[in-house]
Amino acid sequence: MQSGFITTGAPNSTMNPDLDKLQPYPFEKLANLKAGITPPAHLPHIALSIGEPRHPAPGFVADILSHAFEKLSNYPLTRGRPELRQAIANWLQQRFQLRANSLDPESQILPVNGTREALFAFAQTVVDKSKADPLVLMPNPFYQIYEGAALLAGAEPFFIETSEHHGFIPDYDAIDENIWSRCQLLYLCSPGNPTGAVTDIPTLKKLIHLAEQHDFIIAADECYSELYFDEQTPPPGLLQAAQEAGNSAFKRCVVFHSLSKRSNLPGLRSGFVAGDAEVLAGFFKYRTYHGCAMPLTHQIASTAVWADENHVRENRRLYREKFAAVLEILRPVMELERPDASFYLWAKTPIDDAEFARGLFAQQNVTVLPGSYLSRTTDNGNPGAGRIRMALVAKNGECIEAAKRIRDYVESL
């Protein structure tokens, strides 16, 4: 008897060949780098490698979740609860100085399960593989989800150098017309990961003009936008720049925000996408098939979290304290500066960055991420080489202890 499920040949012969283009994730490379090392047992391990917030989550979230269990018997809508979308619209309009009612919660906002899944899925929606040689542009160094999203959408990633010489902002002026003409999607990250650099309004307006001229979409990853140091000067956003540029419909502009960093809720997996209604209509259609609706319990909790700023201000205060303490310890021995925003330090290393990270772990049981693991080598070299990324997410005392150990290690070289 024959079966329609009998297969022949190599087991993976029908797999998507674009999967082979994906490079190991930075933390996989970091695990290999540390393999075989036994750090000093008397020193507790301190991880500054992963950007996982560890400040206390807002206490009211647990109360809301505990009273929302009955909602688990209902299927959530992909578009999300109207109350959540309205809370997000209110927050965006207040935070980015948008005109009242400038965002339609029905057509211009979609809740998502964190920005990571949305940033990936978005490329699958907007890249048109029928056009010749589509490009997805992104900064270099970068969040590796951008690259994977581009490759699995059938496009080629194009990396824009993001160096100290250019203020850690991608050098958009170095991109020629041929590249812009092939661009279908530009990933913008401000404040940047790993540099913490903030893109200003004039640059955002210039990118919006280029998007109109060459008909591409801007996906602005703004998940670090609420981690800044001066309460009077929050980082600007893409929708804010679009409104100032007269683009009141936010054409070709889409922003991604999350409660993970803002509210110390990475486990809630709650964020949103907002902007161009026509683009979001296509993204919504994709998501109805993707099966990624946010659980109703999380939607109810998120509605309250987006409406509260007190815990966010306290969050920033804690980061200000940590940055001040760590910088005081490390500045005498390393080249590093406080970023514009975010919770990362992007520090120069006196030796090769991977060698530095390996030696630091071996001698001091502190884990940092080599900058070269966050970048790709182009004709201009690897812009992350000779740097490490330190995520100041642990408690204040832990970060201070890590800084002291890093200083001891540097002084031992």
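Details
- Residues THR78, THR349 in ascending order of nearby Cβ atoms (within 10 Å, fewest first): THR78, THR349.
- In order along the range 206-213, the phi-based Karplus estimate (6.51 cos²θ - 1.76 cosθ + 1.60, θ = phi - 60°) of 3J(HN,Hα) comes to 4, 5, 4, 4, 5, 5, 5, 5 Hz; Gly and Pro are listed as x.
- C-alpha center-to-center spacing [the range 296-372, the range 228-290] in angstrom: 23
- Difference of contour (0.36 nm per residue) and Cα-Cα distance, ASN396 to ILE175: 75.4 nm
- Translational D in µm²/s for the range 122-191 (Stokes-Einstein at 20 °C, 1.002 mPa s, Kirkwood Rh from C-alpha pairs): 174
- All C-alpha pair distances within the range 236-336, sorted into 5 Å bins from zero, spread as 2, 10, 14, 14, 16, 16, 11, 8, 5, 3, 1 percent across the bins.
- Shape class of the range 299-398 from the Cα gyration tensor (axes a ≥ b ≥ c, square roots of the eigenvalues): prolate, since a/c reaches 1.5 or more and a/b is larger than b/c.
- Contact order relative to length of the range 75-307, as percent, for alpha carbon pairs under 8 angstrom and 6 or more apart: 28
- Most simply put, the chain has about 45% antiparallel DSSP beta bridges, counting only bridges with both residues inside it.
- Taking label positions 7 Å along the Cα-Cβ direction at both LEU43 and ARG331, the computed distance is 2.4 nm, reported to one decimal.
- Loop-located trypsin sites (Lys or Arg not before Pro) across the range 262-295 with a Cβ neighbour count of 10 or fewer within 10 Å are lacking, with loop assigned by DSSP.
- Sorted from longest to shortest, the spans of the Cα atoms of the range 75-307 along the three principal axes equal 46, 43, 33 Å.
- Under 5 Å between amide hydrogens, built in the peptide plane, is the criterion, and for ALA220 it picks out LEU188, VAL254, VAL255, PHE256 among residues at least 5 positions away or on other chains.
- Gain upon complete extension [ASN101, ALA249; 0.36 nm per residue less C-alpha separation]: 52.1 nm
- Ranked list, fewest to most other Cβ atoms within 10 Å of each Cβ, for PHE216, PHE229: PHE229, PHE216
- 13 Å beta-carbon shell around PRO234, net charge (K/R +1, D/E -1): -3
- A straight chain from TYR289 to GLN363 at 0.36 nm per residue would run longer than the Cα-Cα distance by 21.7 nm.
- Cα gyration tensor shape for the chain, rounded if a/c is under 1.5, else prolate or oblate: rounded
- When each of MET334, MET390 is scored by the number of other beta-carbon atoms lying within 10 Å, the sequence from fewest to most is MET334, MET390.
- Working from label points 7 Å from Cα in the Cα-to-Cβ sense, the GLU278 to ASP408 distance is 6.1 nm.
- Mean ellipticity per residue at 222 nm, deg cm²/dmol - from DSSP H runs of n ≥ 4 across the chain, formula -39500 (n - 2.57): -11500 deg cm²/dmol
- Here the range 75-307 carries DSSP beta bridges of which approximately 35% are antiparallel, counting only pairs with both residues inside.
- Loop trypsin sites (Lys or Arg not before Pro), the range 65-168 (other Cβ atoms within 10 Å of the site Cβ: 16 or fewer; DSSP): ARG99, LYS129, LYS131
- The string of couplings for the range 377-386 from the Karplus curve (6.51, -1.76, 1.60, θ = phi - 60°) is 7, 10, 4, 8, x, 9, x, x, 5, x Hz, one whole number per residue in order, with x for Gly and Pro.
- log₁₀ of I(q)/I(0) at q = 0.15 Å⁻¹ - the range 56-164, Debye sum with one point per alpha carbon: -0.94
- A crude spin-label estimate for the pair PHE229 and LYS29, with each label 7 Å from Cα along the Cβ direction, gives 2.8 nm.
- In Hz, Karplus ³J(HN,Hα) per residue of the range 150-161 (6.51, -1.76, 1.60; θ = phi - 60°; x = Gly, Pro): 4, 5, 7, 8, x, 10, 9, x, 10, 9, 9, 4
- Filtered chymotrypsin sites (Phe, Trp or Tyr not before Pro), the range 352-385: DSSP coil and at most 12 other beta carbons within 10 Å: none
- For the chain, the relative contact order is 24 percent, taking Cα pairs closer than 8 Å that sit 6 or more residues apart in sequence and dividing their mean separation by the residue count.
- The range 215-305, relative contact order in percent, only Cα pairs under 8 angstrom and at least six apart counted: 26
- Under 16 Å from the GLU355 label point (7 Å along Cα→beta-carbon), backbone N, the range 35-51: none
Coordinate-derived values only; no laboratory data. Treat the numbers as computed from the prediction; the structure is a model and nothing was measured. Here Cβ is always computed from backbone atoms with ideal geometry, including for glycine, and neighbour counts include all displayed protein chains.
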